[in-house]
1. Can you list residue pairs whose Cβ atoms sit under 8 Å apart, with the first residue in region 132-153 being without any contact (Cβ under 8 Å) to a residue 12 or more places away in the chain and the second being aromatic (Phe, Trp, Tyr) and open to solvent by 70 Å² or more (accessible area, probe 1.4 Å)? Count only pairs 6 or more apart in sequence or on different chains.
2. Considering only residues that are within 18 Å of residue 145 (Cβ to Cβ) and open to solvent by 70 Å² or more (accessible area, probe 1.4 Å), look in region 83-127 and name the one that is nearest to the chain's Cα centre (by Cα).
3. Could you please find all residues in region 117-127 being in contact (Cβ under 8 Å) with a residue 24 or more places away in the chain and either closer than 12 Å to residue 84 by Cα or out of contact with any strand residue (DSSP E or B) (no Cβ under 6 Å at 6 or more places or on another chain) (or both)?
4. Residues in region 128-160 that are open to solvent by less than 90 Å² (accessible area, probe 1.4 Å) and not acidic (Asp, Glu): how many?
Amino acid sequence: MKKFIAVFFIILSSSIFAQEKIDTIQIINNGTLNMEIDSSVYNVLKAKEDATCVYTPKKSVEKKPTIKSSDPCAGNAQVNGFKIQIYYSKNRQEANKVKDEFSKLYPDMSVQVTYYTPDYRVLVGDYFSKNSASKDIRRLRSKYNSSFSIPFKVLCRKAQ
C-alpha cells in the first residue's frame, strides 16, 4: 500500500510540472521544418518579428585614396613572425636569471620571459621568417644549445 501511494504521488507531481504542450520538431525530406510551440512563446516571437526597425542609412564618407607603401610595417605595430626560444622552466626565478644573463651577453638583442602553461619561456629576437632567425640560432647554440624558433607576434619595427 505504501508503494502504491508513493507511485501515485510521483505521477501526480510529474503531471503538475508538465508543460501544456510538448515542443515537437519534424524535419521533412525537402528541408522544411515544422514546430509546435506553446502559444505564449509564439506570441512573443511574433511580437519581435512584427516590431519595425527604423533603418537610417549612414552618410557616405568619401574615402581618401590610400597610398601603397613599400614599408611592410605601415599601420602594423605587431605582425606574425618568429622568436627564438633559448630556455624554458617551471620556475619563474630561473627564467628571469637566464633573461638577465642573456641581456648582459647579447645587449643588441631583445629578450622577454613569457608564460605558457605550465612553463616560463625565455624568448629572444624579432624575425619575419624562420630563415632570418637561423643565423642567430646558430650563433646562440654555443651558449644555449636547445635554441629553436617559434611562431610569435613580433614588433614590426624591430624585426629582421
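The values are calculated or read from the model by the stated rules, or taken from the named source; none is laboratory data. Predicted model, so just to flag it, every value in this text is computed and none were measured. Backbone-built Cβ (ideal geometry, glycine too); neighbour counts: all protein chains shown. Side chains included, ligands, DNA and RNA excluded: accessible areas come from the protein's heavy atoms. Shrake-Rupley method; radii C 1.70, N 1.55, O 1.52, S 1.80 Å.
1. From region 132-153, no pairs qualify.
2. For region 83-127, the residue satisfying everything is 88.
3. Answer for region 117-127, where residues must be in contact (Cβ under 8 Å) with a residue 24 or more places away in the chain and either closer than 12 Å to residue 84 by Cα or out of contact with any strand residue (DSSP E or B) (no Cβ under 6 Å at 6 or more places or on another chain) (or both): 118, 121, 122, 123, 124, 125, 126, 127.
4. Start the filter on region 128-160 by keeping residues that are open to solvent by less than 90 Å² (accessible area, probe 1.4 Å), which leaves 128-129, 132-134, 136-137, 140, 144, 146-150, 152, 154-156, 159.
Right, trim to not acidic (Asp, Glu) and you get 128-129, 132-134, 137, 140, 144, 146-150, 152, 154-156, 159.
Result for region 128-160: 18.
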